[in-house]
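*Asks:* If you scroll down you'll find the structure; I have some questions about it.
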Amino acid sequence: MIVRHLVTALEHEVKGKKHIGSFLRLEQLEHWDREELTKLAETKVFDPRSRANLRADDSESQFLEWFVSIDGNYLVVDRKGEMPPAGQDFEYLNYFVEGSLSEILKQIRVRIYQDAAQAKRVFKHAGLSSGKIPRRIKLSQFREVNLEKVLDQIRNVDPFGSPDDILAYVIIAGREKDEWGKDMLAMCKREASDRFSKHGFENSDSAFPLNQVSVEELEARHIRGMETLAKFNNKFPVVYGLGNRVVSYDEWVWNAEEFLRGLSDDVLVELMLVFFRHPIEQTERSKLLFGVATERIHRQFN
């Protein structure tokens with residue numbers, strides 16, 4: 001096994017968030033190298049696309065390329081022909097290192113440190129950053145969509161026939177069972193995972209093309225939605241309630257609208273999905289949330 005190329009800004013996913021890391025491209029793998037990497041994959045492959053590549057029917061070794069992070073903690077598995085990644089820094093070294101994975105990691109760090117400029121590029125992304133959930137939602141895409149109809153489609157989802165976005169919204173909302181007690185959330189997750197494992201062209205009309213968006217990312221969005229809902233509930237627990245104070249209706253509305261308008265489209269939609277995940281009675285809070293989202297859609301087209 002040898003290394004003669006590195007990627008100084010490779011995007012990979014951990015727990016639903018996108019991270020940028022410095023990775024080494026592993027080449028000329030012998031069968032024992034593949035055995036070592038396959039075993040390590042159980043504890044070092046966190047990227048959902050990499051896991052899907054390993055599970056795919058055509059995932060024999062000759063169709064896969066392996067990348068290891070410079071700190072040795074993460075493996076990324078891509079199909080041949082998909083690297084170097086577009087927009088990512090792919091470098092050809094003027095030397096190569098060889099040996100076992102541990103030997104390569106030790107040797108390469110010594111060689112990289114001999115080039116100050118290269119060391120700066122590589123070690124800028126040497127550890128795992130906090131990561132980010134990508135921005136995918138533009139409320140302008142809802143221009144021709146009735147929000148009430150979307151919420152109705154979510155509550156009456158067909159896990160195997162609904163479009164990608166509806167499945168994604170169900171997972172983000174996190175409603176485990178439908179009104180008949182069926183575990184629709186688990187069914188939607190299984191279907192979304194199946195769609196993710198199938199490579200294909202991205203659906204440009206979808207905010208969440210499930211052949212590109214992992215279930216892990218959708219689950220991370222659910223967690224963020226619940227966190228935003230907790231903030232909303234703590235700040236505006238009831239009408240006239242602003243934290244632990246009672247204020248006038250106008251002051252309450254103004255503060256609540258300012259809170260909601262400060263959210264990105266992604267976070268606002270996530271909040272709506274967890275807020276409306278169960279059929280609830282119309283209240284001033286629900287009307288306000290629905291109204292701010294509708295206002296934002298129309299304002300973007302005025």
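*Asks:* Is it the case that region 165-177 has a residue that's closer than 30 Å to G21 by Cβ, buried (at least 17 other Cβ atoms within 10 Å of the Cβ), among the charged types (D, E, K, R) and within 22 Å of the chain's Cα centre (by Cα)?
*Replies:* yes
*Asks:* Taking region 237-279, which residues are open to solvent by 20 Å² or more (accessible area, probe 1.4 Å), aromatic (F, W, Y) and part of a helix (DSSP H, G or I)?
*Replies:* Y249, W254, F259, F275, listed by residue number.
*Asks:* Hey, another quick one. If G291 satisfies all but one of (1) modelled with pLDDT of 90 or more; (2) in a helix (DSSP H, G or I); (3) within 22 Å of S140 (Cα to Cα), what's the number of the condition it fails?
*Replies:* (1)
*Asks:* Right, here's the next one. Identify, please: which residue in region 36-78 is open to solvent by 50 Å² or more (accessible area, probe 1.4 Å) and under 25 Å from K132 (Cα atoms) and is, among those, modelled with the lowest pLDDT?
*Replies:* Going through the qualifying residues, I end up with L54.
*Asks:* Let me ask something else. For region 126-139, which residues satisfy the criterion of being modelled with pLDDT under 90, of a type outside the set (D, E, K, R) and in contact with a helix residue (DSSP H, G or I) (Cβ under 7 Å, 6 or more places away or on another chain)?
*Replies:* L139
*Asks:* Please specify each residue of region 246-277 satisfying the condition of being free of Cβ contacts under 8 Å to residues at least 12 places away in the same chain and under 30 Å from I166 (Cβ atoms).
*Replies:* Step one: list which residues in region 246-277 are free of Cβ contacts under 8 Å to residues at least 12 places away in the same chain, which gives 246-251, 254, 258, 262.
Of everything in region 246-277, just one residue is free of Cβ contacts under 8 Å to residues at least 12 places away in the same chain and under 30 Å from I166 (Cβ atoms), namely G262.
*Asks:* So which residues in region 25-35 are over 16 Å from V97 (Cβ atoms) and surrounded by 10 or more Cβ atoms within 10 Å (Cβ to Cβ)? Before you say what the answer is, go through the steps one by one.
*Replies:* Residues of region 25-35 over 16 Å from V97 (Cβ atoms): 31-32, 34-35.
If the condition is that a residue be over 16 Å from V97 (Cβ atoms) and surrounded by 10 or more Cβ atoms within 10 Å (Cβ to Cβ), then W32, R34, E35 are the ones that fit.
*Asks:* So, K106, is that one open to solvent by 40 Å² or more (accessible area, probe 1.4 Å), basic (K, R) and without any contact (Cβ under 8 Å) to a residue 24 or more places away in the chain or not? Show your work before the answer.
*Replies:* Numbers: open to solvent by 40 Å² or more (accessible area, probe 1.4 Å): yes; basic (K, R): yes; without any contact (Cβ under 8 Å) to a residue 24 or more places away in the chain: yes.
Yes.
*Asks:* With respect to V3, is the statement that it is modelled with pLDDT of 95 or more, touching a strand residue (DSSP E or B) at 6+ places or on another chain (Cβ under 9 Å) and in a strand (DSSP E or B) true? Can you show your working first?
*Replies:* Numbers: modelled with pLDDT of 95 or more: yes; touching a strand residue (DSSP E or B) at 6+ places or on another chain (Cβ under 9 Å): yes; in a strand (DSSP E or B): yes.
Criteria met by V3.
*Asks:* Mind checking which pairs have a first residue in region 206-225 that is under 20 Å from S264 (Cβ atoms) and a second that is among the polar types (S, T, N, Q) and open to solvent by 10 Å² or more (accessible area, probe 1.4 Å), Cβ under 6 Å, 6 or more apart or different chains?
*Replies:* Pairs found: P209/N203.
*Asks:* May I ask you to verify whether A116 is exposed (fewer than 13 other Cβ atoms within 10 Å of the Cβ) and not aromatic (F, W, Y)?
*Replies:* Answer is yes for this residue.
The values are calculated or read from the model by the stated rules, or taken from the named source; none is laboratory data. Source: prediction; values computed, not measured. Here the Cβ is made from the backbone with ideal geometry for all residues, glycine too, and neighbour counts use every protein chain on show. Ligands, DNA and RNA are stripped out before the accessible areas are found, and what is left, the full protein with its side chains, is counted by its heavy atoms. Shrake-Rupley method; radii C 1.70, N 1.55, O 1.52, S 1.80 Å.
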